[in-house]
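Comments concern the structure below.
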Amino acid sequence: MGLFARKKTVFVDSDILVIGGGMAGCGATYESRYWGRDLKIVCVEKANIERSGAVAQGLYAINCYMGMQWDENQPEDHVRYARNDLMGLVREDLGYDIARHVDSTVHKFEEWGLPIMKDPETGRYLREGKWQIMIHGESYKPIVAEAARKAATEVYNRIMVTHLLMDNTKLNRVAGAVGFNVRTGDFYVFRARAVIVSAGGASHIFKPRAVGEGMGRTWYAPWSSASAYALPIRVGAKMTQMENRIVLTRFKDGYGPVGAYFLHLKTYTQNAYGEEYESKWYDHTKELVGDYVDRHPVPTCLRNHAMLEELKAGRGPIRMVTTEAFQDPHKEQVGWENFLGMTIGQAVVWASQNIDPKHTNPELTTSEPYVMGSHATCSGAWASGPEDYAPAEYQWGYNRMMTVEGLFGAGDTIGGTAHKFSSGSFTEGRIAGKAAVNYVGELGNDRPQISEVEYEDLKKTIFQPLETYKVGRNEIVAGTVSPSYMLPMHGLQRLEKIMDEYVGGISAHYTTNQPLLTRGLELLGMLKEDLAYLGAEDLHQLQRAWELQHRVLASECVTQHTMFRTETRWPGYYYRADHPKLDDTDWHCFTLSQYDQESGKWEMEKAPVYHIVD
Ligand SMILES: Cc1cc2nc3c(=O)[nH]c(=O)nc-3n(C[C@H](O)[C@H](O)[C@H](O)COP(=O)(O)OP(=O)(O)OC[C@H]3O[C@@H](n4cnc5c(N)ncnc54)[C@H](O)[C@@H]3O)c2cc1C
């Protein structure tokens, strides 16, 4: 008897199923309860919502707050800012929708106990920058999770969702999800009338700078494993802007954030010879992207670009000049606290490398690329927009519903809406939750049906790596190498190498071209075939196996999009060497993809960008 046949199956019914209890998932759970008092709202999370997701270890700033109560910014200003930063291409309807609601989210956080720093003179929230406010945020996630816990009918922690289930009675309608408990191995079948995917972004699809024993150290959370993309992709939801991966300038080796340093401490960068270098690359950059280089603030990717060019010219390392600001004891304290509340690892790295920023200017570096939808980048699912604001072409259903009926998304999951960050992701979760309640209400007695054959087949597929390992382990030829299975770590390293070398990772200076992408897709195809031979020693490795499956599918999507967009829209994030310039004539548009799981083929198309805000 196969190992999988002994696993208990647990059935859970819900009206609204929220997958992923990070910032967006907590927002979705909270708001679903507000509008759906009598509904059964279930949140399922692969870790524990108390400390899960990208905000797990806390944050030092909330990066998206308008300050409308003090007339500091209006939602339209934020749309202009995000549009500028993304070189013209954002879903302005979705961005506006978040911006107009985000302040109320932040006020709730404060009400729930999040300490927000105040300007002693004005009494207003203390600004780190135009959009950022400073918080004592070590407990940010537990505070937000408490609200979600109280709102949910049930929270299921430690369950990794592997697949969505589709309705038996209606084409292209979602009906639930399946997954397994990473501690007990129980198989879970979630039946739902609406599903909200809020499973975070994707790290570890490109080879990280830190390898070997330091491999877990990445900027984006190592447990962000692309489920947010793979789950909808597999059931045919359209994705957008998946080529728009993000590369971050951060303190070297610890990925410590630089925002508070630039904005609050007013530190600045210089090359190895103490020279300012950004202005040197102005003419060169203008050649590539035209007027975008003159925009204020300079788009994030273009600032990376200047640094990368300076490094290629051999004038690295680039350093952050901290020695001046740190003479002021207040600024020195803020500089350290910035890490202690959010990235303790950076403080440890500096201590271990004899770097005291008061006396030594620390090095900066650019990260490996990540895929996500909530930072200075906007990869994700293609979603219907708000009824009162979205152009007709962007409205085919309820707000934040994907192109699959009943399937909603928020946070890193949804594409086209950069710069939402933690507060905007929670807000988008609230928007999706409210829309899902409306959707469920209008379904009435119509309840999606799942197929027993389908979930039983999935059960076999999901637990197969345990069986494969058990059978094949006797043939181990050396250490962990077996002729009949591939361990998740081996598969991950193979994926990262392909993406790094062919799709524009660090060792290729973020550069690719059509022949490289073509070969990359061939190699990804071979890797996909070999995933059938994944072997998992235990439940932990089984989780790794399914995280790898999700990463590979999302990576294929990234590669298809990168191939489709024949221009270099975001130099500093990646370069198409065969199309080195920004091309507004042909590519001032969104890229969309749709995957067909039967044939394994992708369809690509363009969608118009509507500028709603002047
Ligand atoms: C280093 C770093 C610094 C940041 N700094 C700031 C900052 O200063 N200010 C700011 O406002 N924002 C900041 N952000 C951004 C902010 O954290 C994100 O925008 C936000 O967390 C995105 O919300 P999300 O819900 O989409 O993803 P997450 O919050 O990451 O939540 C995703 C959740 O889904 C779960 N999950 C994933 N896959 C599955 C699966 N298959 N089954 C079940 N559950 C699953 C995860 O465990 C996780 O709990 C930072 C992020 C990082 C990584």
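The values are calculated or read from the model by the stated rules, or taken from the named source; none is laboratory data. As the structure is a prediction and not an experimental result, all values here were calculated from the model. We place every Cβ from the backbone using ideal geometry, glycine too, and count neighbours over all the protein chains shown. In case anyone asks, the SASA skips ligands and DNA or RNA and just uses the protein heavy atoms, side chains included. Shrake-Rupley method; radii C 1.70, N 1.55, O 1.52, S 1.80 Å.
Inspect all residues belonging to region 180-197 and state whether any of them is of a type in the set (Phe, Trp, Tyr), in contact with a Gly (Cβ under 6 Å, 6 or more places away or on another chain) and over 26 Å from residue 370 (Cα atoms). Lay out the reasoning, then the answer.
Here is the first cut: in region 180-197, the ones of a type in the set (Phe, Trp, Tyr) are 180, 187-188, 190.
Those still in the list that are in contact with a Gly (Cβ under 6 Å, 6 or more places away or on another chain) too: 188, 190.
Next, from what is left, pick out any that are over 26 Å from residue 370 (Cα atoms): 188, 190.
The answer is yes, given that some residue of region 180-197 is of a type in the set (Phe, Trp, Tyr), in contact with a Gly (Cβ under 6 Å, 6 or more places away or on another chain) and over 26 Å from residue 370 (Cα atoms).
Given the residues 176, 137, 129, which is the only one that is more than 10 Å from the ligand (Cβ to nearest atom), open to solvent by less than 40 Å² (accessible area, probe 1.4 Å) and modelled with pLDDT under 95?
Sole residue among the options that is more than 10 Å from the ligand (Cβ to nearest atom), open to solvent by less than 40 Å² (accessible area, probe 1.4 Å) and modelled with pLDDT under 95: 129.
May I ask you to verify whether residue 403 is over 17 Å from the mean Cα position of the chain (by Cα) and part of a strand (DSSP E or B)?
Against the criterion (over 17 Å from the mean Cα position of the chain (by Cα) and part of a strand (DSSP E or B)), residue 403 does not qualify.
Within region 430-443, can one find any residue that is on the phi > 0 side of the Ramachandran plot, buried (at least 24 other Cβ atoms within 10 Å of the Cβ), within 16 Å of the ligand (Cβ to nearest atom) and modelled with pLDDT of 95 or more?
No, region 430-443 contains no residue that is on the phi > 0 side of the Ramachandran plot, buried (at least 24 other Cβ atoms within 10 Å of the Cβ), within 16 Å of the ligand (Cβ to nearest atom) and modelled with pLDDT of 95 or more.
Residues of region 567-603 being open to solvent by less than 10 Å² (accessible area, probe 1.4 Å) and touching a helix residue (DSSP H, G or I) at 6+ places or on another chain (Cβ under 6 Å), which ones?
567, 570, 571, 572, 573, 591, 593
Restrict the check to region 215-238 and report whether at least one residue is within 15 Å of the ligand (Cβ to nearest atom), more than 16 Å from residue 307 (Cα to Cα) and in a strand (DSSP E or B).
yes
I need a count of the residues in region 140-156 that are out of contact with any strand residue (DSSP E or B) (no Cβ under 8 Å at 6 or more places or on another chain) and either open to solvent by less than 10 Å² (accessible area, probe 1.4 Å) or among the polar types (S, T, N, Q) (or both).
If we filter region 140-156 for residues that are out of contact with any strand residue (DSSP E or B) (no Cβ under 8 Å at 6 or more places or on another chain), which is where we start, we get 141-147, 150.
Next, from what is left, pick out any that are either open to solvent by less than 10 Å² (accessible area, probe 1.4 Å) or among the polar types (S, T, N, Q) (or both): 141, 144-145.
Residues meeting the conditions: 3.
Return only the number of the condition from (1) within 9 Å of the ligand (Cβ to nearest atom); (2) open to solvent by 10 Å² or more (accessible area, probe 1.4 Å); (3) hydrophobic (A, V, I, L, M, F, W, C) that residue 263 does not satisfy.
Every listed condition holds for residue 263 apart from (1).
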